[in-house]
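The values are calculated or read from the model by the stated rules, or taken from the named source; none is laboratory data. Treat the numbers as computed from the prediction; the structure is a model and nothing was measured. Note that each Cβ is placed from the backbone with ideal geometry, even for glycine, and that neighbours are counted across all protein chains shown.
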Amino acid sequence: MNRGIDHLVLGVHDLDKARDTYARLGFTTTPRAIHPFGTGNSLVQLQGNFLELLAVVDESKFAAPAAGAFGFGAFNKGYLDAREGMSMLVFEGHGAADDHADFAANGLDTCEPFHFERKATLPDGTQVTVAFSLVFVTDARMPDAVFFTCQQHAPEYFWKPEYQRHENGASVISEVVMAAENPADLASLFGGMQGADAVTVSGDGLQVATARGNVSVVTQRDFEARFGAMPAGPSAPHFAAFQIQVADLSATEALLTGNDVPFRKAEDALQIGPETAFGCVLEFVPEG
């Protein structure tokens, strides 16, 4: 079952600082929101997927460890104790029970579906309740990277055009890049989440074609050839970069220059380094 990229979890120490930086990058961010399990977030809504800027706000609300359950707050705190960066990749949910059964049947390390709701602020200031069901996939080979599916139960309250318009012209997350010593070793993991037909091993790399956007797994050498430098990270496979399409790359470049945001120009791309993008590389490319 092919699942598109739903959103990226980007762990940050200071949520207000991250929101300010993303505003300088030309993004519209949603108001801060609080999860019932000790984390808080602010989103960058795009066309069908989004970025989640996430910070730990109250460790006392972390769920007690339990067999068969994934500790969302504890995992992200552990991640942030080591570094900022992209901690989790989220795919579209096709029904939590079905996702869980599918992952288990494919031999993946998964947990029972997790359901929660939180308050959200609409553009007019109205408070509403949004709800989600999550199904997690972990892999012992990559303790700093987690996957899950996200099923929304109140999408009419979640997606708002006012939050989807961005000064930099951003439209969609089109690629996530992982770094790994042996990318081909992860073929069965991605095949179990996306279907074997979605996975291609080519040379030293691995490509996953999802229903919305692609995932690339590359060696450090190939990552550095494309992005110039590897962000600080573990030796185990980890998320290191993501790509966003924009309507007019020259207009995005002008905006970044005007806001004094440092960037690297590559072939038909603008790359924001990890020192600005909170531990990972953010790449802007033209739509198409």
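Of all the numbered requirements in (1) more than 20 Å from the chain's Cα centre (by Cα); (2) within 19 Å of V246 (Cβ to Cβ), R221 misses one, and that requirement is (2). One residue alone among L108, L80 is touching a helix residue (DSSP H, G or I) at 6+ places or on another chain (Cβ under 7 Å) and of a type in the set (A, V, I, L, M), and that residue is L108. Applying the criterion of being surrounded by 17 or more Cβ atoms within 10 Å (Cβ to Cβ) and assigned to a loop (DSSP other than H, G, I, E, B) to the residues of the range 57-95, the residue that is farthest from the chain's Cα centre (by Cα) is F62. Checked against (1) outside the structural domain of F263 (by TED's automatic domain parsing); (2) over 21 Å from L89 (Cβ atoms); (3) of a type outside the set (S, T, N, Q); (4) in contact (Cβ under 8 Å) with a residue 12 or more places away in the chain, E156 passes all but condition (4).
For the range 62-77, does any single residue satisfy the condition of being of a type in the set (D, E, K, R) and either in the same structural domain as L189 (by TED's automatic domain parsing) or modelled with pLDDT under 95 (or both)? Within the range 62-77 (the criterion being of a type in the set (D, E, K, R) and either in the same structural domain as L189 (by TED's automatic domain parsing) or modelled with pLDDT under 95 (or both)), the answer is no, since none of the residues qualifies. Number of residues in the range 1-44 that are more than 12 Å from the chain's Cα centre (by Cα), outside any loop (DSSP other than H, G, I, E, B) and closer than 15 Å to A120 by Cα: the value is 6.
Consider the range 96-141 and keep the residues that are of a type in the set (S, T, Y) and closer than 20 Å to G4 by Cα. The one that is surrounded by the most Cβ atoms within 10 Å (Cβ to Cβ) is T110. Scanning the range 201-218 for residues that are among the β-branched types (V, I, T) and over 20 Å from the mean Cα position of the chain (by Cα) yields a count of 1.
Restricting the range 148-183 to residues that are part of a loop (DSSP other than H, G, I, E, B) and in contact with a helix residue (DSSP H, G or I) (Cβ under 7 Å, 6 or more places away or on another chain), the residue that is farthest from T129 (Cα to Cα) is A180. Evaluated against (1) part of a loop (DSSP other than H, G, I, E, B); (2) without any contact (Cβ under 8 Å) to a residue 60 or more places away in the chain; (3) not hydroxyl-bearing (S, T, Y), A104 falls short on exactly one condition, (1).
Taking the criterion of being crowded, with 21+ Cβ neighbours inside 10 Å and free of Cβ contacts under 8 Å to residues at least 60 places away in the same chain, the residues of the range 222-267 that qualify are F223, F227. Within the range 212-228, is even one residue over 18 Å from T149 (Cα atoms) and aromatic (F, W, Y)? Yes, the conditions are met somewhere in the range 212-228.
Apart from one condition, R32 fits all of (1) buried (at least 22 other Cβ atoms within 10 Å of the Cβ); (2) over 19 Å from E283 (Cβ atoms); the exception is (1). Scanning the range 142-173 for residues that are surrounded by 19 or more Cβ atoms within 10 Å (Cβ to Cβ) and among the small types (G, A, S) yields A145, G169, A170.
Against the list (1) buried (at least 18 other Cβ atoms within 10 Å of the Cβ); (2) touching a strand residue (DSSP E or B) at 6+ places or on another chain (Cβ under 6 Å), the condition G38 fails is (2). Please determine whether any residue of the range 198-221 is acidic (D, E) and either assigned by TED's automatic domain parsing to the domain that holds D98 or modelled with pLDDT of 95 or more (or both). No, the range 198-221 has no match at all.
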